[in-house]
Amino acid sequence: MNIKRKAFTLAEILITIAIIGIVAALTLPSLMKMHQDAGTGPKLAKVQASVEEAVGRLLLNNQEVILKELGSADFISYLSDELVMTPAGEWYALKDGTYVKFNVGSSAGSVPASAGSGYATVDVDINGVHPEDPNPDSPGIDQFQFVLTTYGLMLPVGSKALGMTPTCNENVQDLTCTGRMADNNWKIDY
């Protein structure tokens with residue numbers, strides 16, 4: 001009586017493992033990018049809400065303050081009382097590791113009258129601005145911009161709220177990607 005056993009050969013197992021490895025190598029980078037992209041929008045929305053809330057508290061607690069009359073140093077001094085920020089050169093690190101830079105007197109785009117007038121641009125870098133940062137800053141990828149109004153609102157550069165049409169697309173990533181993401185419910189679609 002001859003019993004035949006059915007089993008996989010070593011060659012078949014090695015070929016299967018190689019195929020799985022190739023498929024994983026092809027899909028992991030796109031899965032990692034999708035995961036990173038999914039976190040970008042919520043980080044920006046959180047920074048927007050945090051700064052708006054801090055500026056709102058600044059204006060409420062210091063009713064004599066009129067933003068358009070504050071210089072950069074005075075604004076940062078008042079804001080530091082309301083928002084936990086650690087100086088890092090011209091940037092300020094927030095608690096979540098996001099960096100912001102306030103450019104008082106600079107305003108990108110026209111601000112609707114109902115939102116006040118442009119007071120400052122706020123640059124946001126979601127992966128930090130360390131010299132040892134392995135990922136260089138790229139507008140629309142990890143660096144974004146908002147306009148801070150005299151009423152304390154942060155409007156995304158490139159958004160419909162500023163009357164802008166974003167130039168951001170799959171071939172061109174720039175600061176108007178902030179508005180494109182905001183108009184798309186804080187999701188990257190480029």
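The values are calculated or read from the model by the stated rules, or taken from the named source; none is laboratory data. These numbers come from a predicted model, not from an experiment. Note: ideal-geometry Cβ built from the backbone for every residue, glycine included; neighbour counts use all protein chains shown.
Please determine, by comparing only the residues of region 55-80 that are in contact with a helix residue (DSSP H, G or I) (Cβ under 7 Å, 6 or more places away or on another chain) and not hydrophobic (A, V, I, L, M, F, W, C), which one is modelled with the lowest pLDDT.
Among residues in region 55-80 that are in contact with a helix residue (DSSP H, G or I) (Cβ under 7 Å, 6 or more places away or on another chain) and not hydrophobic (A, V, I, L, M, F, W, C), the one modelled with the lowest pLDDT is 62.
Could you list, in sequence order, the residues of region 41-51 that are touching a residue at least 12 places away in the same chain (Cβ under 8 Å) and under 16 Å from residue 95 (Cβ atoms)?
Once the filter is applied, which keeps residues that are touching a residue at least 12 places away in the same chain (Cβ under 8 Å) and under 16 Å from residue 95 (Cβ atoms), region 41-51 yields 42, 43, 44, 45, 46, 47, 48, 50, 51.
Tell me which of these residue 35 doesn't satisfy, since it passes every other one: (1) part of a helix (DSSP H, G or I); (2) at pLDDT 85 or above; (3) closer than 27 Å to residue 184 by Cβ.
Result: residue 35 fails condition (2) only.
Under the condition of being under 22 Å from residue 66 (Cα atoms), assigned to a loop (DSSP other than H, G, I, E, B) and among the aliphatic types (A, V, I, L, M), which residue from region 105-145 is modelled with the lowest pLDDT?
Of everything passing the filter in region 105-145, 108 is modelled with the lowest pLDDT.
How about region 93-118: which of its residues are farther than 17 Å from residue 152 by Cβ, buried (at least 17 other Cβ atoms within 10 Å of the Cβ) and without any contact (Cβ under 8 Å) to a residue 40 or more places away in the chain?
93, 99, 101
Name the single residue that is farthest from residue 59 (Cα to Cα) among those in region 72-91 being among the acidic types (Asp, Glu) and surrounded by fewer than 19 Cβ atoms within 10 Å (Cβ to Cβ).
90
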